[in-house]
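The values are calculated or read from the model by the stated rules, or taken from the named source; none is laboratory data. Note that this is a predicted model, so its numbers are computed, not measured. All Cβ positions, even for glycine, are placed from backbone atoms using ideal geometry, and neighbour counts span all protein chains on display.
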């Protein structure tokens, strides 16, 4: 591994570059509204419970963002999710760090894209 | 836009998009010119270099019959590629300068490759381009402005879409399913050979094993990148897998055509064998064209290239998305010892995201020209095939020559040398299974099908 890095530093760009992307969806997995059709009553208490679940999820997302911010990730968002990007931290590294920080697999989704570093076949 | 994954880019900024646009535009323009009754402009672009021995005047005489041809050919592709380069975010000035040099070199290489003395030593244009490029790039540091024009994937994708225009869709419909069957057999056997060799024999990480397996069984560098990304293999492992793919792909460019010729294989089965046992599209086209040249096939005899395309593009490349999805599921479940409920969500969009979009252009081009021919009476259809499609074939050859040169110039052995012996051994086990299996299926089991591809 060290030899490969030395070779690359001396002779040019890497064989492959990467983009690690972590998707953190904003909607909680436990959805109060999914149970509405199964006889759960829609009332003020239901709305407060839904809000409690959403707040819980938002706090989890923010905590994961804190972990990734410390690793240099940048963030984008749309209505449904936060997207966290890095071209320096590898996918297995951020997964290891998120698990070590107490988060569970179903709370995030990691996508990894590799690109040829030089115009090879 | 260097380093940004193609699938993350807007559609208009992707190589696949521009390969499709340029190749389809050329096909449509040539067809329109044909129906307008004057195809001379495009015929002049379709420059061919005459075969020669010690009399260079044959070459100059041939070129002087079409004095503007080389300039028209250059002008068209320079403009087309430069527009694409601008939109895709390349450094346009560097790309133009680099392409000028690449074009001049391609003319020189094609002239040399047409020489009978070179042919004696099997140094036909594809191999000559490759060897020349490798020698130069491994002896001197190439200037960055030249590297900007070394777009192997872009040129080969343009060539593949042009290839589609010259391949009747009826052949794809009849031979395509067989190509998929044969390719699936070989891909599955090769993938698991490499994977189990890597993980059980050499105790490598399963993700690394899958990345190596993908490189050796699906579509080379693209396969390693797709599966490596899907299963979150380490960057170092993906780099090593790519290095091994490139090493073996370059070896196979020389090995497969030479063996096919020495065994007296017919072009159809030879192309199919190359399609199963070559590791990358660009290298495979080099091998198929090299076979054509070594077997002294008459100009226009495309059987080996057709069967290679069917096997590689239709049989293998198209399914990289499915392999990536399988790897993604395995990576978050089996390899992490978790059930689907306990694991990360798998993105089923992998299948479409990893699908090589240029293959759509390949099919569209084939359907287009097939419909054109079907709409004409047989006599006029025959003239269209000879004139219009003949021009496309020649232009396709030029895009492949730029591809072969780019392969050579971008194959740097120093970077490839640090792959490690265990991954090399695992990959080689796959090669040793893949090559004879591909030969047996192409030349024994399914030989009749491949012989019928004309």
Worksheet item: For the range B:22-66, which residues satisfy the criterion of being assigned to a loop (DSSP other than H, G, I, E, B) and touching a helix residue (DSSP H, G or I) at 6+ places or on another chain (Cβ under 9 Å)?
Response: B:39, B:46, B:47, B:48, B:49, B:50, B:51, B:53, B:54, B:56, B:66
Worksheet item: When you go through A:30, A:113 one by one, which is the residue that is touching a helix residue (DSSP H, G or I) at 6+ places or on another chain (Cβ under 8 Å), more than 8 Å from chain B (Cβ to nearest Cβ) and at pLDDT below 95?
Response: A:30
Fill in: Qualifying positions in the range B:140-153 - touching a residue at least 24 places away in the same chain (Cβ under 8 Å) and at the interface with chain A (Cβ under 8 Å from one of its Cβ atoms)
B:147, B:150, B:151, B:152, B:153
Item to complete: Can you give me the number of residues within the range A:67-92 that are free of Cβ contacts under 8 Å to residues at least 40 places away in the same chain, surrounded by 13 or more Cβ atoms within 10 Å (Cβ to Cβ) and either part of a strand (DSSP E or B) or within 11 Å of another protein chain (Cβ to nearest Cβ) (or both)?
Response: 2
Worksheet item: Among the listed residues B:181, B:123, which satisfies the condition of being at pLDDT below 95 and assigned to a helix (DSSP H, G or I)?
Response: B:181
Worksheet entry | Selection status of residue A:64, surrounded by fewer than 19 Cβ atoms within 10 Å (Cβ to Cβ), closer than 28 Å to residue B:350 by Cβ and in contact (Cβ under 8 Å) with a residue 40 or more places away in the chain | no
Discussion item. I'm trying to understand the selection: among the residues of the range B:291-341, which are more than 14 Å from chain A (Cβ to nearest Cβ) and not in a helix (DSSP H, G or I)?
Written reply: B:295, B:296, B:297, B:298, B:299, B:300, B:301, B:302, B:315, B:316
Worksheet, complete the sentence: Pairs returned, first residue in the range B:61-72 that is more than 14 Å from residue B:42 (Cα to Cα), second residue that is part of a loop (DSSP other than H, G, I, E, B) and at pLDDT below 85, beta-carbon separation under 9 angstrom, 6 or more apart or interchain, are B:61/B:50; B:62/B:50; B:63/B:50
Worksheet, complete the sentence: Selection over the range B:86-95 where residues are in contact (Cβ under 8 Å) with a residue 40 or more places away in the chain and part of a helix (DSSP H, G or I) yields a count of 5
Item to complete: Within the range B:216-265, count every residue that is within 12 Å of another protein chain (Cβ to nearest Cβ) and on the phi < 0 side of the Ramachandran plot.
Response: 32
Worksheet item: What helices (runs of 4 or more DSSP H) lie completely within the range B:347-443 and have 3 or more residues being surrounded by 20 or more Cβ atoms within 10 Å (Cβ to Cβ) and in contact (Cβ under 8 Å) with a residue 12 or more places away in the chain?
Response: B:350-354, B:358-375, B:378-410, B:421-440
Worksheet item: With respect to the numbered conditions (1) under 30 Å from residue B:454 (Cα atoms); (2) out of contact with any strand residue (DSSP E or B) (no Cβ under 9 Å at 6 or more places or on another chain); (3) touching a residue at least 60 places away in the same chain (Cβ under 8 Å), which one is the sole condition not fulfilled by residue B:131?
Response: (1)
Practice prompt. All but one of (1) crowded, with 21+ Cβ neighbours inside 10 Å; (2) outside any loop (DSSP other than H, G, I, E, B) hold for residue B:344, so report the exception by its number.
Written response: (2)
Worksheet entry | residue B:450 being closer than 29 Å to residue B:189 by Cα, at pLDDT below 95, away from every other protein chain (no Cβ under 14 Å) and assigned to a helix (DSSP H, G or I) | yes
Practice prompt. Scan the range B:88-97 and give yes if some residue there is more than 14 Å from chain A (Cβ to nearest Cβ), closer than 19 Å to residue B:15 by Cβ and either surrounded by 15 or more Cβ atoms within 10 Å (Cβ to Cβ) or more than 20 Å from the chain's Cα centre (by Cα) (or both), otherwise no.
Written response: yes
